[in-house]
Amino acid sequence: MHAKKHFHLWEHFRRRERKAATDGRAVTLGALPAGKTATVAELQGGRGFTTRMAALGFTPGAQVTMIQNFGRGPVIVMVRGTRIALGRGEAEHVWISANGGEAHEES
Amino acid sequence: MRNHDEAARSVPSVLGACCADGSGPTQPVGPCTIRVALVGQPNVGKSTVFNLLTGLNQHVGNWPGKTVERKEGIHRCDGVDIQIVDLPGTYSLTANSLEERITRDYIIHERPDVVVMVADAASLERNLYLLSEILCLPAPVVLALNMVDVAQQQGLGVEPHVLEAALGLPVVPMVASKNQGVRELVDTVLRVYREGPRGVCRPDIREDHREVLAELVNLIAGSVPEPYPEDWVALKMLEGDDEITEMMRARLTPEQWEQVHRVLMKHEDAILAIAGGRYEWVRRMTRAALTVPKAGQITLTDRIDKVTTHPVWGLFVLLGVLGAIFWLTYTIGSPIQAFLDRYLIQAGAEWVRTALAGAPWWISGLLADGVIGGAGMVLTFLPILVIFFAVLGALEDIGYMARAAYVMDRFMHLMGLHGKSFLPLFLGFGCNVPAVMGARIVDSPKARLLTILVAPLVPCTARMAVVAVLAPIFFGAAAIWVSWGLIALSLAVLAVVGIALHELVLGGEHVAFIMELPLYHKPNARTIGLSVWQRTMGFVRKAGTIILIVSVVVWALSVLPHGEVDTSILAAVGRFLSPLGALMGVGWQMMVALLTSFVAKENTIATLSVLLGVGGEGAGLAQVLPTLLTPASALAFLVVQVLFIPCAATVATMRQETGSWKWTAFSVALLFILSFAVGIGVYQLALLTGWGV
Ligand SMILES: Nc1nc2c(ncn2[C@@H]2O[C@H](COP(=O)(O)OP(=O)(O)OP(=O)(O)O)[C@@H](O)[C@H]2O)c(=O)[nH]1
Ligand SMILES: [Mg+2]
């Protein structure tokens with residue numbers, strides 16, 4: 001859709017990601033722009049949240065692709081072949097790492 | 001782990017004996033019963049299979065979380081009675097919400113003879129996650145691989161035989177919505193029951209946590225209550241399952257608990273390791289059986305979602321959809337209703353009066369005014385309801401519901417709720433009872449309570465049908481705007497009440513929004529037809545029972561004791577209420593109508609029809625009502641009628657679901673006060689501006 005804007009967001013994301021690697025901070029799913037794929041690194045939150053998300057397939061190492069992310073409000077992600085809607089708060093509790101090298105682009 | 005066969009046989013059952021394999025004596029005593037449970041993740045087609053096998057009519061639609069209560073039915077096959085249980089969908093056996101607990105408790109406590117795990121072939125990986133949990137419980141499992149057609153459309157290649165070989169379980173490919181593979185499923189269930197399970201491939205906990213698990217099993221050995229398997233309990237404790245952990249804490253001595261607790265604290269990270277291990281197992285099981293297309297295709301679902309889930313366009317779509325539903329319903333349904341009223345009800349009542357002219361007055365009065373005028377009049381709502389249910393059924397079956405919920409998420413946050421609460425509320429447009437029940441899918445108990453409290457403010461079809469009859473009488477062509485205005489008003493009041501209550505009920509608790517968005521499906525005429533049939537029949541039953549009774553009682557009270565309406569018992573009751581009515585310019589008849597709407601909303605019309613028919617000698621509501629009410633009072637009355645306390649069935653369901661008389665009474669009182677306050681406000685405003693007086 002807005003390929004240019006997405007590219008920009010993606011660059012921003014990668015920069016933050018790189019920075020995170022050096023200063024020990026990481027990036028959450030909420031920062032992943034639409035169309036990009038990343039790897040789940042860690043879930044952070046209560047036990048109820050973790051068990052539910054884990055059952056849906058958000059386990060460390062799983063690939064997640066952002067389908068819709070407008071920066072505010074809920075997001076839609078694709079994980080293990082299904083579309084899951086997550087509240088902004090929930091997306092912020094999923095820590096991700098960028099896929100190694102050039103992330104393969106989806107959609 | 002306990003030996004599987006042994007566990008299966010230890011099921012305390014008087015049944016089974018006659019169907020047992022060669023090992024037991026085969027006694028031909030009566031038909032034999034097998035108990036089969038349908039389990040699976042949400043929205044995979046469990047209820048579709050259930051309906052096909054039992055001929056019953058469970059709610060089917062394309063969104064997760066329709067079935068919220070277990071339901072039993074019988075399928076007879078080759079002289080064997082198969083008792084089938086339809087269960088709510090659940091993503092895992094760690095129960096997070098009420099309806100998931102129902103499923104888990106059923107499998108563990110009721111020990112079905114065979115568990116049919118229904119899986120969606122189009123999202124096999126995630127579906128098999130649940131299988132990996134179910135296989136740890138002692139029951140023979142059959143995997144029903146449903147939605148094979150959808151998987152094909154998505155370009156997924158699934159090989160049932162390969163999967164069967166990997167899992168060591170019978171796998172039956174199916175397309176339940178087209179009745180394909182269901183017969184094979186039954187045969188397989190019977191075979192598994194007779195032959196017992198084969199060498200199933202059970203998932204094991206990952207290497208890194210094997211030792212801890214063994215340690216835990218050791219610690220709790222001997223204290224685990226029947227029917228829980230010890231290693232399953234240990235695993236669930238490691239996964240941080242609150243219910244199971246609480247249960248064990250109560251059964252262990254403080255010293256034992258101390259030890260267990262220490263182990264658990266040390267391995268808090270186990271949740272993700274265990275889940276990850278299960279997904280690794282799934283990968284191994286599906287490696288050969290599943291071929292996934294290259295990523296990067298844009299599917300139809302993605303393309304439609306671009307619009308329907310967009311924060312701006314999605315909202316327009318939702319408003320358009322709601323507007324279209326009511327527009328269709330009223331522009332087609334209302335004229336048919338008016339036609340039926342004129343040529344069926346009024347003509348029928350006339351005919352009865354003439355035919356029974358010689359009989360005692362009360363016989364013709366009872367039949368013409370009480371039965372035909374009351375319950376019969378309500379039956380003229382049928383076209384309105386059928387159209388509405390058809391549109392609602394189509395929306396559900398296409399898969400739009402979850403999108404509407406997603407779009408509404410932002411607004412639901414104002415009430416401290418989130419998008420998922422919108423699913424049951426949407427159902428409320430059909431009827432408030434399933435809306436209150438459906439709130440079970442909301443994970444947090446407090447958020448569920450709040451959802452239940454606002455649910456009666458969704459204008460149900462019964463209320464809107466009353467509006468559809470009354471509005472054209474007073475407002476003619478503007479009736480549709482009045483109807484839309486009333487719907488908008490109800491929803492605005494819903495929002496205000498929700499915002500006002502959320503601090504009180506939720507106390508600032510954050511509720512997680514996690515919801516699956518299903519693939520869009522082509523609407524299935526059969527599914528929609530069944531849901532229309534079921535909902536319509538529910539209405540006809542209501543008209544034939546409770547509404548009929550109320551109509552007759554209202555009629556009797558309107559002629560007792562002197563055969564005159566004006567001196568009747570009902571008039572006395574109505575006059576007692578009339579000071580309240582006077583504030584919005586409505587007479588006692590309207591107040592009585594409102595009162596009877598508590599029993600069932602349609603009674604408003606039944607009562608008015610009975611009461612006004614008595615005096616009006618066959619003149620219809622359309623002629624009599626305008627002589628009683630000004631447009632301003634009529635509008636005020638419609639406002640009260642739409643916001644009034646929920647019907648008895650809804651109140652009873654609210655009590656059942658909240659488990660609290662306090663909250664139920666609170667809701668009733670709130671809506672009573674609110675409805676009159678807004679109604680009177682509207683009337684007084686009209687007086688001030690001089691509109692419609
Ligand atoms: N294309 C296709 N659609 C199916 C098939 N089986 C069921 N459906 C549709 O899938 C949707 C979900 O079916 P349900 O039977 O309501 O699913 P459920 O598992 O009972 O769902 P919950 O009660 O919410 O857990 C409905 O719209 C069905 O019409 C199938 O084999 N192929
Ligand atoms: Mg169901």
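The values are calculated or read from the model by the stated rules, or taken from the named source; none is laboratory data. Given the structure is predicted, the values throughout are model-derived calculations rather than measurements. Cβ atoms come from the backbone with ideal geometry, glycine included; neighbour counts cover every protein chain shown.
For the range B:74-95, the set of residues classified as within 16 Å of ligand 2 (Cβ to nearest atom) and either more than 14 Å from chain A (Cβ to nearest Cβ) or not in a loop (DSSP other than H, G, I, E, B) (or both) consists of B:Ile84, B:Val85, B:Asp86, B:Leu87, B:Pro88, listed by residue number. For the range A:25-59, filtering for residues that are at pLDDT below 90 and within 9 Å of another protein chain (Cβ to nearest Cβ) leaves 4. Suppose the filter is closer than 18 Å to B:Tyr330 by Cβ, within 22 Å of the chain's Cα centre (by Cα) and buried (at least 19 other Cβ atoms within 10 Å of the Cβ); does B:Leu392 pass it? Yes: the conditions hold for B:Leu392. Residues in the range B:245-270 that are within 28 Å of B:Leu124 (Cβ to Cβ) and modelled with pLDDT of 90 or more: there are none. Cβ separations smaller than 9 Å between residues 6+ apart or across chains give the following pairs from the range B:80-107 residues that are without any contact (Cβ under 8 Å) to a residue 40 or more places away in the chain to residues that are more than 14 Å from ligand 1 (Cβ to nearest atom) and part of a helix (DSSP H, G or I): B:Arg104/B:Glu243. Of the set (1) within 16 Å of ligand 1 (Cβ to nearest atom); (2) more than 25 Å from B:Gln534 (Cα to Cα); (3) aromatic (Phe, Trp, Tyr), all apply to B:Trp361 but (1). If you go through the range B:34-68 and keep only what is near ligand 2 (Cβ under 9 Å from one of its atoms), within 14 Å of another protein chain (Cβ to nearest Cβ) and farther than 20 Å from B:Val172 by Cβ, you end up with B:Pro42, B:Gly65.
Listed here are the residues, each with its yes/no results for (1) more than 10 Å from ligand 1 (Cβ to nearest atom); (2) surrounded by fewer than 17 Cβ atoms within 10 Å (Cβ to Cβ); (3) at pLDDT 80 or above.
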position: B:Gly30; (1), (2), (3): yes, yes, no
position: B:Lys46; (1), (2), (3): no, no, yes
position: B:Ile74; (1), (2), (3): yes, yes, yes
position: B:Pro88; (1), (2), (3): no, no, yes
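Applying the criterion of being in contact (Cβ under 8 Å) with a residue 24 or more places away in the chain and facing another protein chain (nearest Cβ under 7 Å) to the residues of the range A:81-98, the residue that is nearest to B:Asp120 (Cα to Cα) is A:Thr82.
I need the full set of residues from the range B:304-315 which are within 16 Å of B:Asp409 (Cβ to Cβ), part of a helix (DSSP H, G or I) and not polar (S, T, N, Q), in order please.
Filtering the range B:304-315 for residues within 16 Å of B:Asp409 (Cβ to Cβ) gives B:305, B:308-315.
Applying the additional criterion that residues be part of a helix (DSSP H, G or I) yields B:305, B:308, B:313-315.
The answer is B:Asp305, B:Trp313, B:Gly314, B:Leu315.
I'd like to know if the range B:97-116 contains one or more residues that are within 16 Å of ligand 2 (Cβ to nearest atom) and part of a loop (DSSP other than H, G, I, E, B). Checking the range B:97-116: at least one residue is within 16 Å of ligand 2 (Cβ to nearest atom) and part of a loop (DSSP other than H, G, I, E, B). Considering only the range B:298-320, I want to know if a residue exists there that is away from every other protein chain (no Cβ under 14 Å), surrounded by 15 or more Cβ atoms within 10 Å (Cβ to Cβ) and in contact with a helix residue (DSSP H, G or I) (Cβ under 8 Å, 6 or more places away or on another chain). Within the range B:298-320, one or more residues are away from every other protein chain (no Cβ under 14 Å), surrounded by 15 or more Cβ atoms within 10 Å (Cβ to Cβ) and in contact with a helix residue (DSSP H, G or I) (Cβ under 8 Å, 6 or more places away or on another chain).
Counting only helices (runs of 4 or more DSSP H) that fall entirely inside the range B:417-534 and contain at least 1 residues that are more than 14 Å from every other protein chain (Cβ to nearest Cβ), surrounded by fewer than 24 Cβ atoms within 10 Å (Cβ to Cβ) and in contact (Cβ under 8 Å) with a residue 40 or more places away in the chain, the qualifying elements are B:432-438, B:445-454, B:461-475, B:479-506. The condition of being closer than 30 Å to B:Met237 by Cα and within 14 Å of another protein chain (Cβ to nearest Cβ) holds for only one of B:Leu137, B:Leu128, that being B:Leu128.
Do the conditions hold for B:Gln154, that is, is it among the polar types (S, T, N, Q), within 12 Å of ligand 1 (Cβ to nearest atom) and within 14 Å of chain A (Cβ to nearest Cβ)? Please lay out each step first, then the result.
Numbers: among the polar types (S, T, N, Q): yes; within 12 Å of ligand 1 (Cβ to nearest atom): yes; within 14 Å of chain A (Cβ to nearest Cβ): yes.
Judged against the criteria, B:Gln154 is a match.
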